[in-house]
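Before any comments, here is the structure.
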Amino acid sequence: MPFDPVILWTDALVYVLVIAVAGAALYVRRHEHLRQPWRRVAHSAPGMVGLVVLTFFVVFGLLDSLHFRARLDDAGGGKASYAVEVTSVLDAALRTLQERSEKTYSAPLAYRLYARETVELPDGAQSRVYPRLRHGGAHLKAPEQEWAADVSRRALAGAAGGFIAWVAAAMLICAGIARARAQSIDQVWRALARGGLDLPWRAILITLACVLVLIGVAAALAAKYHVLGTSKVGEDVLYQALKSIRTALVIGTLTTLVMLPFAILLGIAAGYFKGLADDVIQYVYTTLNSIPAVLLIAAAVLMMQVYVDTHPQLFPSGAERADLRLLFLCAILGVTSWTGLCRLLRGETLKIRELDYIQAAQAFGVSHLRIILRHILPNVMHIVLIAVVMEFSSLVLAEAVLSYVGVGVDPSMISYGTMINAARLEMARDPMVWWSLAAAFAFMFALVLAANLFADAVRDAFDPRVAIVKPFKLRLGRTLVGRTG
Amino acid sequence: MSGYIIRRVLYAIPILIGVNFLTFVLFFVVNTPDDMARMQLGAKRVTPEAIERWKIQHGYDRPLLWNAKAEGSAQLTDTIFYDKSVRLFAFDFGNADDGRDIAHEIRTRMSPSLALAVPVFIIGIAVNITFALLMAFFRATYLDFWGVVSCVAMMSISGLFYIIGGQYLVSKLWHLVPISGFAGGPDAIKFVVLPVAIGVVSGIGAGARWYRTIFLEEMGRDYVRTARAKGLRESVVLFRHVLKNGMIPILTGAVVVIPMLFLGSLLMESFFGIPGLGSYTIDAIQSQDFAVVRSMVFLGAVLYIVGLLLTDISYTLVDPRVRLA
């Protein structure tokens, strides 16, 4: 085999999540009453715009979740040997970005280093100059004159490439709609431009155009330049920003995966059985709730760190250690954030269990487990869904804050939090090194805004009574992010 | 009412014991008393005798949770957990691991925290209500639509961005206020004004949007229809009727936060170098000072429970339909 597949813990959970989402989608397709609210989501223009952008992020995240170890060229036949380093498919695709590192900071699209260096001139004298970069703009012979023309030529070519890709995609979509409606492509195109189709295709295509053109420009420039500059150790910032996507997505999704079983089981049990079970469960979540979330997370992460330091033999590679730490962070974030959903589910179950059909089921002697699974769980699932999509964006934001406090992901793992944390010290520099911060904030903003738009559409479709998600949504957000104020 | 309050206070005791137990377990798994002693004594003076002396001096020479050697109830009471937790209930926080008096630290650091947190809280609520009322007044117009859009956009910006961007723009480029630091008395204003502004701005997105839904929900009620049917102007309906009724969920939602204002804000204080309780907590986390973290967790839990109690009481004050029994 040319490579040796490696499945990290978070990878496995990501696969489970993908399979679960696909299964749920199939199930929903077959049931008309479940399709109804999703159709409302599809009719919301902001929601679909968010979904398009999210899809691109998810593709990058999934590519970054397929890990392997590359095969090393070995002269002696027989046993194949593989590299120690674990890389992902995304790494392989971005190899040029990853390998073309510079000495230290360089500004976006620059051809010279950001810091002066002493070089020896041919006549033996010394001079302090900004040296040329090893890779960024290295193909330019006389950069002062050529640079602007070269950058704009490449950007235009990239934009044109992106545009062509968009035209192809738009044609495909139009052809698909035309087939479904039994109209000509021309008719569909006119209706689409008017905004006359029942789904917000116009907004979707405009978003798609923006994203594809941006990707085209970035890809064309990245071939010869550092599009977003380089970091302190000379790493390409665009590469870091793309790698951070997976970390953010893993934190946002796996945390909810960890928290759901607790919240659903305990919330429904407390509401359904009442009495002692209710008292105990309420006691547990009030206690957890009263501890400031940051302190609980800090304590747990420090505990994890000590465990890792004392058991180095359990973690053969740095990637696995960072990965387990990420998983643990998800788990502890899940433990601190399940209480809000649990309380909501308890309240809803208390209401539902008094309804006639539950009473009837009890009178017929249906077992508790069956009542919960068949009658209560399906009727609270919309709350769960809303909670999950609303929580995603606040978790992505929380990661950055936690990494700043020093209790976030492993320092060796690339994430928006670690990018901001590393760049923050350079604020005092004059002129300021702004590109790392700007890249991290811009990517985070795009991801969180897309998630927020999509989450709003889901919430409006599934729950007209908006008020019900308030307390839950604000919980982590208030303690971590909102409390910046 | 007084019976209800007494019951709630009694109910708080098992919760606080649970909080203490949890933080105790978490932190003693992190570092045993031996590790703590080693860290406090520094690398040079670490001998087994010195560690023993430090443990005896600071009361860490007993078993953690269960004293098998002792007799009767002393099996529970002659332990580190009992010794360190029970004193907390009397708000006797003891000394930090570096020997300083925690209660004294809390007292002196409380006022910088409050100087920052109280203005953010009050101005924040006022600003959010203003924006929310504007959006509700112009509901279903472009002003409302773009208001909500900008709220969602502002919610999507990381809190760190507001802080870093504000600090760079106002302090570094325009030189309007010092970058960080704090001073007592009237001088505090120039140190506090930027963090307060940033705190208010970063809260607008989520706050104004939430209040807008509250006002819109209120506007769908029958009394609003009646008021309109009587021929009242829309502005009168909004400001006299809807605002008053909308204040019930807003105020009761805000009350739970009031006691927590004492704890300050972790991020703001550490970014702006304000010597409040928030930065105290962050420093304690980073230096693994268990005594301080335990005290802050306990204080936070007490304040949270007080906040919940105050919320319930405030319901009865603003909404006569609610009675506590």
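Results for (1) touching an Asp or Glu at 6+ places or on another chain (Cβ under 8 Å); (2) modelled with pLDDT of 90 or more, shown as yes or no for each residue.
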| residue | (1), (2) |
| --- | --- |
| B:68 | no, no |
| B:88 | no, no |
| B:97 | yes, no |
| B:101 | no, no |
| B:131 | no, yes |
| B:135 | yes, yes |
| B:141 | no, no |
Search result, residues across region B:221-254 that are in contact (Cβ under 8 Å) with a residue 12 or more places away in the chain and either of a type in the set (Ser, Thr, Tyr) or touching a Lys or Arg at 6+ places or on another chain (Cβ under 7 Å) (or both): B:223, B:235, B:237, B:252
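Please tell me if residue B:237 is aliphatic (A, V, I, L, M), surrounded by 18 or more Cβ atoms within 10 Å (Cβ to Cβ) and touching a Gly at 6+ places or on another chain (Cβ under 7 Å).
On the way: aliphatic (A, V, I, L, M): yes; surrounded by 18 or more Cβ atoms within 10 Å (Cβ to Cβ): yes; touching a Gly at 6+ places or on another chain (Cβ under 7 Å): no.
Considered against the rule, which asks whether it is aliphatic (A, V, I, L, M), surrounded by 18 or more Cβ atoms within 10 Å (Cβ to Cβ) and touching a Gly at 6+ places or on another chain (Cβ under 7 Å), residue B:237 comes out as no.
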Counting only residues that are free of Cβ contacts under 8 Å to residues at least 40 places away in the same chain, under 32 Å from the mean Cα position of the chain (by Cα) and within 13 Å of chain B (Cβ to nearest Cβ), region A:247-285 contains a total of 1
Test residue B:162 against the criterion of being at pLDDT 90 or above and within 13 Å of chain A (Cβ to nearest Cβ), and give yes or no. yes
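What about residue B:61, is it part of a loop (DSSP other than H, G, I, E, B), modelled with pLDDT under 90, touching an Asp or Glu at 6+ places or on another chain (Cβ under 9 Å) and of a type outside the set (A, V, I, L, M)?
On the way: part of a loop (DSSP other than H, G, I, E, B): yes; modelled with pLDDT under 90: yes; touching an Asp or Glu at 6+ places or on another chain (Cβ under 9 Å): yes; of a type outside the set (A, V, I, L, M): yes.
Taking the combined requirement at face value, the residue satisfies it.
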Residue list for region A:90-139, restricted to those being among the aliphatic types (A, V, I, L, M), outside any loop (DSSP other than H, G, I, E, B) and within 15 Å of residue A:240 (Cα to Cα): A:90, A:92, A:93, A:97
Yes or no: region B:245-259 includes at least one residue that is within 18 Å of residue B:109 (Cα to Cα), within 16 Å of the chain's Cα centre (by Cα) and modelled with pLDDT of 85 or more. yes
Those residues of region A:277-320 which are hydroxyl-bearing (Ser, Thr, Tyr), more than 24 Å from residue B:291 (Cα to Cα) and part of a helix (DSSP H, G or I), in sequence order: A:283, A:285
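With the condition kept exactly as written, say whether any residue in region B:281-294 is closer than 12 Å to residue B:113 by Cβ and either surrounded by 23 or more Cβ atoms within 10 Å (Cβ to Cβ) or in contact (Cβ under 8 Å) with a residue 40 or more places away in the chain (or both). Show your work before the answer.
Looking only at region B:281-294, we keep the residues that are closer than 12 Å to residue B:113 by Cβ, and these are B:281.
This time we only want the ones that are either surrounded by 23 or more Cβ atoms within 10 Å (Cβ to Cβ) or in contact (Cβ under 8 Å) with a residue 40 or more places away in the chain (or both), so: B:281.
The answer is yes, given that some residue of region B:281-294 is closer than 12 Å to residue B:113 by Cβ and either surrounded by 23 or more Cβ atoms within 10 Å (Cβ to Cβ) or in contact (Cβ under 8 Å) with a residue 40 or more places away in the chain (or both).
Given the condition within 14 Å of chain A (Cβ to nearest Cβ) and more than 30 Å from residue A:50 (Cα to Cα), answer yes or no: does some residue in region B:86-107 qualify?
In the first step, residues of region B:86-107 are kept if they are within 14 Å of chain A (Cβ to nearest Cβ); the result is B:88.
Restricting the remaining residues to those that are more than 30 Å from residue A:50 (Cα to Cα) gives B:88.
Yes: one or more hits.
Yes/no per residue for (1) hydrophobic (A, V, I, L, M, F, W, C); (2) farther than 24 Å from residue A:432 by Cβ; (3) touching a residue at least 40 places away in the same chain (Cβ under 8 Å); (4) surrounded by fewer than 22 Cβ atoms within 10 Å (Cβ to Cβ):
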site	(1), (2), (3), (4)
B:159	no, no, yes, no
B:174	yes, no, no, yes
B:194	yes, no, yes, no
B:204	yes, yes, yes, yes
For region B:140-190, which positions are among the polar types (S, T, N, Q) and not in a helix (DSSP H, G or I)? B:141, B:156, B:158, B:180
Qualifying position, being buried (at least 21 other Cβ atoms within 10 Å of the Cβ) and of a type outside the set (Ser, Thr, Tyr), among B:253, B:231, B:307, B:276: B:276
Close pairs (8 angstrom Cβ cut-off, 6 or more residues apart or separate chains): within 9 Å of another protein chain (Cβ to nearest Cβ) in region A:298-311, outside any helix (DSSP H, G or I) and of a type outside the set (A, V, I, L, M) anywhere: A:302/B:288; A:306/B:31
The lone condition residue B:109 fails out of (1) assigned to a helix (DSSP H, G or I); (2) under 26 Å from residue B:35 (Cα atoms); (3) among the charged types (D, E, K, R) is (2)
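Return the only residue of A:333, A:425, A:397, A:385 being within 14 Å of chain B (Cβ to nearest Cβ) and within 20 Å of the chain's Cα centre (by Cα).
A:397
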Members of region A:177-193 that are farther than 18 Å from residue A:209 by Cα, surrounded by 12 or more Cβ atoms within 10 Å (Cβ to Cβ) and not hydrophobic (A, V, I, L, M, F, W, C): A:181, A:183, A:187
Counting just the residues of region B:3-58 that are at pLDDT 85 or above and among the small types (Gly, Ala, Ser), which one comes out farthest from residue A:298 (Cα to Cα)? B:3
If you go through A:41, A:16, the only one that is surrounded by fewer than 15 Cβ atoms within 10 Å (Cβ to Cβ) and either part of a helix (DSSP H, G or I) or of a type outside the set (A, V, I, L, M) (or both) is A:16
Picking from B:312, B:289, which residue would you name as being over 30 Å from residue B:179 (Cα atoms), among the acidic types (Asp, Glu) and out of contact with any helix residue (DSSP H, G or I) (no Cβ under 6 Å at 6 or more places or on another chain)? B:312
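Do we have residue B:185 as surrounded by 22 or more Cβ atoms within 10 Å (Cβ to Cβ) and either of a type in the set (Gly, Ala, Ser) or out of contact with any Gly (no Cβ under 6 Å at 6 or more places or on another chain) (or both) here?
Working: surrounded by 22 or more Cβ atoms within 10 Å (Cβ to Cβ): no; either of a type in the set (Gly, Ala, Ser) or out of contact with any Gly (no Cβ under 6 Å at 6 or more places or on another chain) (or both): yes.
Here the answer is no, as residue B:185 does not meet what is asked.
The values are calculated or read from the model by the stated rules, or taken from the named source; none is laboratory data. None of these values were measured; they are calculated from a predicted model. Positions of Cβ are backbone-derived with ideal geometry, glycine not excepted, and every protein chain shown enters the neighbour counts.
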